[in-house]
Every structure is written in C-alpha cells, then in structure tokens.
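Have a look at the structure below before the remarks.
The values are calculated or read from the model by the stated rules, or taken from the named source; none is laboratory data. This one's a predicted model, so the numbers in the text were calculated from it and none came from an experiment. As a convention, Cβ positions derive from the backbone with ideal geometry for all residues, glycine included, and neighbour counts pool all protein chains shown. Just the protein is used for accessible areas: all its heavy atoms, side chains included, with ligands, DNA and RNA removed. Shrake-Rupley method; radii C 1.70, N 1.55, O 1.52, S 1.80 Å.
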Amino acid sequence: MRLTRREFAHSALAAGVAAALPATLFSGCSVSNAARTANSAASAAPHPAQFDSPSEISFPKGFFWGATTAAYQIEGAWNEDGKGESIWDRFAHTPGKIKNGDTGDTACDSYHRFSEDLALLRAMNLNSYRFSISWPRLQPAGSGPANSKAVDHYSRLVDALLEARIRPFVTLYHWDLPQLLEDAGGWPNRDTASRFADYVELAARVLGDRVSDWLLFNEPLTFTFEGYLDGTHAPGRKSIFDFLRASHTVNLAQGTGFHALKATRPSARVGTALLMSACEPATDSEEDRRAAARADAICNLWFLEPALNGRYPEALAFFPETAIGIKSADFDKMRAPLDFIGINLYYRTIASAPSGLERLTNPQQWLFPVNMTGGQQGPKTDRGWEVWPSVLYDVVTRITRDFNRPQIEITESGCSYNDGPDASGVIRDTRRIEYHRQYLQALARAIADGADVRGYHAWTLLDNFEWAEGFSQRFGLAYVDFKTQQRTIKESGKWYAKVAAKNALPAVT
C-alpha cells in the first residue's frame with residue numbers, strides 16, 4: 001500500500017539529483033480535454049458524508065468481500081526453506097532505513113501461521129483473499145526453476161482457501177524484488193521485464209490450475225518513485241533517470257507479463273492494482289487545472305495508459321525517449337488488455353501550479369510542474385491521511401467513463417488507527433468502522449451510477465509491517481500482538497463480517 005504522499009516538491013530532486021537533466025526535458029506539456037474535465041475545483045468538493053443512506057444498501061449478487069495482505073509485510077521466515085534475499089530484506093537490515101529499526105524478518109509469521117489467517121478470513125465471512133507471492137521465495141535468484149518448498153507452501157495456502165470457498169486473489173509482485181536482480185540493475189534494467197515474464201509464467205504454471213484471478217503488480221508508481229527517486233523505500237536509490245527507466249521497464253513488464261500469463265493460462269483473469277487519487281485543482285484557475293491534469297497523469301495514468309492504449313499520458317508527453325529508454329517497438333510491447341482494473345484508494349490530492357521562482361529553484365519542478373498536497377478538510381487517520389469518501393466515487397466513475405466501463409476491483413482501501421485492547425481485551429476501533437462504512441457507501445453509489453465493480457478488499461487483514469513505518473501503524477481488521485503473534489478480531493472486523501454476510505451495508509440510523 002502507499003506509505004507516503006507524493007509531495008514531489010520535497011523529494012530528493014530538490015537536492016539537485018536532476019541538475020544534469022537535458023534541456024529538452026523542461027519544455028511545457030499539453031493537456032488533453034479528458035484530463036481537464038477529470039478534475040473539479042477543491043472549493044466545490046462534496047462533503048465526505050454525502051452518501052449516507054437511511055436504508056440498507058445492497059451490493060450486486062456475487063460481490064467479492066475481501067481483505068489484502070503482502071508477503072513481506074506478513075510472512076516472516078525471511079531466510080527459511082530456500083528463500084532468496086529480497087530488496088526489502090537488504091533495505092530493512094540497513095541501519096536508519098526503517099522506523100525503530102524494525103524489519104520484516106518475522107512480521108506476522110504468516111509463513112508458519114497461515115491457518116490462523118485463514119481462520120480470520122472465515123470468521124469475517126470473506127469470500128476473497130488478496131495475498132502476494134514472494135518472488136525470491138518462489139524463484140530465489142530471480143531466474144531458474146521454482147523452489148519446491150515455496151511451491152508446496154503456496155499450494156497449501158491456495159488449497160485451504162478453495163476448501164473454505166474463499167477466492168485466492170494472487171498478486172505476483174508486491175515490491176519484493178530478488179536482490180540478485182537489483183544487483184544486476186533492478187527495475188531500471190530492461191532485462192528485468194524479461195525476468196518478470198519468466199517468473200509470471202512459472203507462477204502460472206505451478207498455481208494456475210487452481211488460481212484464476214491474478215494481479216501483475218501492486219502500485220507500480222509507489223515502488224518506482226519511492227524506491228528509485230526519493231529513496232524512502234527499497235532499494236533506496238535517488239535518481240530521476242532510474243525512476244524514469246524503472247517505470248518504463250515496469251510498463252514493459254506489465255505487457256510481457258500479461259501475455260506470458262495468458263499464454264500459460266488462457267482463461268485466467270488478469271489485472272494490475274494501481275494506486276489512484278482524485279487530483280483536484282486547488283482553485284478554479286486555468287493554471288491549477290493544468291497542474292491537476294499533470295498530477296492526474298502521473299498519479300493515475302502513468303501505468304494505465306501504456307497498458308490499455310499503448311502510450312504515455314499526453315500531459316507528460318514531453319519526456320524525451322532517451323531519458324525513459326524507449327525503443328521503437330516498446331509501445332506495442334507495453335499493451336496489455338487487462339481483464340479488470342484494480343484500484344487502491346485512500347484519499348484525494350490537491351494540485352496547484354508552482355510559481356516561476358519555484359520552477360527556477362527546484363529541479364523537480366522543471367520535470368513535474370505541479371505542487372501536490374493531501375486534502376485538509378476531512379478528519380485525519382493516525383497516519384495523517386485525510387478521510388474523504390467521495391474520492392472513491394469520483395475515481396471509480398471517472399475510470400468507468402474514460403475507459404469504456406471496465407471491470408473494476410477495489411484492491412485496497414483502509415486506514416491506520418492505533419487503537420489497542422481495552423481492559424476487557426476488546427479493540428473498539430469505531431473510527432475504522434466509520435471509514436469503511438462511508439467509503440462503501442460511496443462505492444455503492446458509483447455502482448448504482450453504472451460502474452462495474454466486482455469486489456472490495458480492505459487494507460488490511462491484520463496489523464503488519466508497514467514498510468518504512470515499521471510496526472508503528474496499525475491498519476488491520478485484526479489486532480496482532482507482535483510479541484506473541486496472537487490475533488484478535490477488532491470491532492471493525494466484526495462489523496465487516498456482518499456486512500459481508502448480508503452483502504449489504506446496514507442503514508444509517
């Protein structure tokens with residue numbers, strides 16, 4: 001999941017990382033009509049509680065109610081049973097990178113305790129579980145044959161889910177690149193796209209007889225930007241060129257991975273989970289609207305337009321091919337007619353145009369001439385993120401309109417509230433209940449207005465290792481005592497169980 005806001009103006013580029021960028025990179029960019037109309041002025045934004053309903057709200061028959069996890073955040077067993085080192089193993093073991101010196105070495109110990117996680121899913125009446133395969137566990141060197149012990153582990157997990165009538169919803173890459181591939185250049189190295197396609201084919205071959213629903217990537221913008229541009233995530237690089245080339249390699253990998261999976265399992269349902277946010281102009285001025293279009297292009301379209309339309313977003317089309325590393329046949333290779341679009345969504349983004357002085361003094365503004373901040377009108381989570389439910393309606397209806405009503409899965413949405421057990425052992429996280437209630441009301445309205453949404457997955461099933469924040473933020477529907485690994489369903493998990501059982505939101509009283 002997304003860990004930090006993309007406040008581009010405060011990244012490592014301000015320290016001069018991009019000082020050597022070619023002059024052709026700094027020219028102006030055009031804005032499409034679609035991008036212009038996709039945003040509305042922040043001053044006109046609807047109140048976040050506008051979707052309250054006095055009656056019960058039903059969801060479509062067959063709707064998937066789920067929760068999401070990621071391998072590095074929950075599995076632990078970081079060096080057991082032949083698993084290779086990942087970039088997150090290396091990064092977390094580097095002093096000063098993770099809050100409180102935390103690591104995912106043990107995390108929630110789900111590699112050994114997945115049956116306990118399954119019990120949580122069943123207790124919450126969920127019928128979909130989105131989890132990720134650890135690439136270096138399945139293929140330790142990032143190439144070569146499968147690790148048989150990993151195949152056995154994931155096979156047992158998939159079989160247990162199917163026996164419980166829970167859909168296994170598999171993410172192939174949730175940020176844990178094999179360290180050996182990073183040593184060979186990582187995502188900025190074009191060859192990594194081929195290695196990814198081979199890994200996808202391997203995973204589809206060993207699990208595709210039982211897994212029908214797949215996600216190629218989780219939040220490509222997050223792991224390319226924070227991993228290769230601002231350095232706050234693994235592998236911790238700080239280079240504009242690495243970011244541009246990494247994002248292009250990922251777009252190539254999305255295309256080649258899609259076709260590799262379909263070649264192995266033609267009936268598979270394949271998508272990608274993209275972090276999205278409604279990018280609203282700070283004012284109704286033409287400059288801020290243009291800035292919002294640029295924000296939208298990088299936040300929402302940078303990995304979607306290449307897959308569906310074989311091109312990069314128009315608002316950022318001024319990038320020279322040499323900086324990105326584009327070759328003549330790449331646009332065809334990037335195409336991936338996704339069966340569905342996964343949306344990870346938490347909050348909105350407010351965009352404004354930088355001043356002339358900012359563009360002169362901040363190298364990043366030469367490349368991305370937009371200031372982005374989080375909204376400030378709604379209540380805040382313990383992570384500092386604004387709760388603004390209408391953003392889910394806005395994004396889902398916009399994607400529905402602009403991409404010819406695709407199938408959509410909400411692959412993540414959630415909130416950090418660090419409520420712990422009270423004297424009786426109950427975790428009364430009422431703010432999390434309210435978050436999911438309001439976001440689900442907004443989603444129901446989008447469905448009523450024509451969006452083809454197939455499921456909603458809460459981030460996350462259980463409190464876990466939250467990347468650079470370590471164990472300091474709790475997003476789970478279940479509380480984890482990290483000393484004993486005891487799991488306790490929070491009041492939000494009990495509420496979510498009732499919603500899933502009825503396939504409906506209760507009336508607001």
Restricting attention to the stretch 218-241, which residues are under 23 Å from residue 329 (Cβ atoms) and either buried (at least 24 other Cβ atoms within 10 Å of the Cβ) or acidic (Asp, Glu) (or both)? 220, 224
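Only one residue in 459, 467 is at positive phi, within 16 Å of the chain's Cα centre (by Cα) and open to solvent by less than 10 Å² (accessible area, probe 1.4 Å), so which one is that?
Numbers: 459 fails: at positive phi.
Criteria check complete, one pass: 467.
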For residues in the stretch 385-436 being aliphatic (A, V, I, L, M) and open to solvent by 20 Å² or more (accessible area, probe 1.4 Å), which is farthest from residue 271 (Cα to Cα)? 423
Scanning the stretch 173-185 for residues that are surrounded by 23 or more Cβ atoms within 10 Å (Cβ to Cβ) and outside any helix (DSSP H, G or I), which turns out nearest to the chain's Cα centre (by Cα)? 174
Could you list, ordered by first residue, the pairs with Cβ atoms under 7 Å in which the first is in the stretch 82-94 and under 15 Å from residue 183 (Cβ atoms) and in a helix (DSSP H, G or I) and the second is of a type in the set (Lys, Arg) and open to solvent by 10 Å² or more (accessible area, probe 1.4 Å), at least 6 apart or interchain? 91/97
Restricted to the stretch 367-384, and to residues that are closer than 21 Å to residue 290 by Cα and in a strand (DSSP E or B), which residue is most open to solvent (accessible area, probe 1.4 Å)? 373
The stretch 107-164: helices (runs of 4 or more DSSP H) wholly inside it with 3 or more residues that are farther than 13 Å from residue 203 by Cβ, open to solvent by 10 Å² or more (accessible area, probe 1.4 Å) and among the acidic types (Asp, Glu) are 148-163
Just checking, how many residues over the stretch 464-475 are more than 16 Å from residue 101 (Cβ to Cβ) and out of contact with any helix residue (DSSP H, G or I) (no Cβ under 8 Å at 6 or more places or on another chain)? 2
Can you confirm whether the stretch 440-450 contains a residue that is without any contact (Cβ under 8 Å) to a residue 60 or more places away in the chain, surrounded by 22 or more Cβ atoms within 10 Å (Cβ to Cβ) and more than 19 Å from residue 342 (Cβ to Cβ)? no
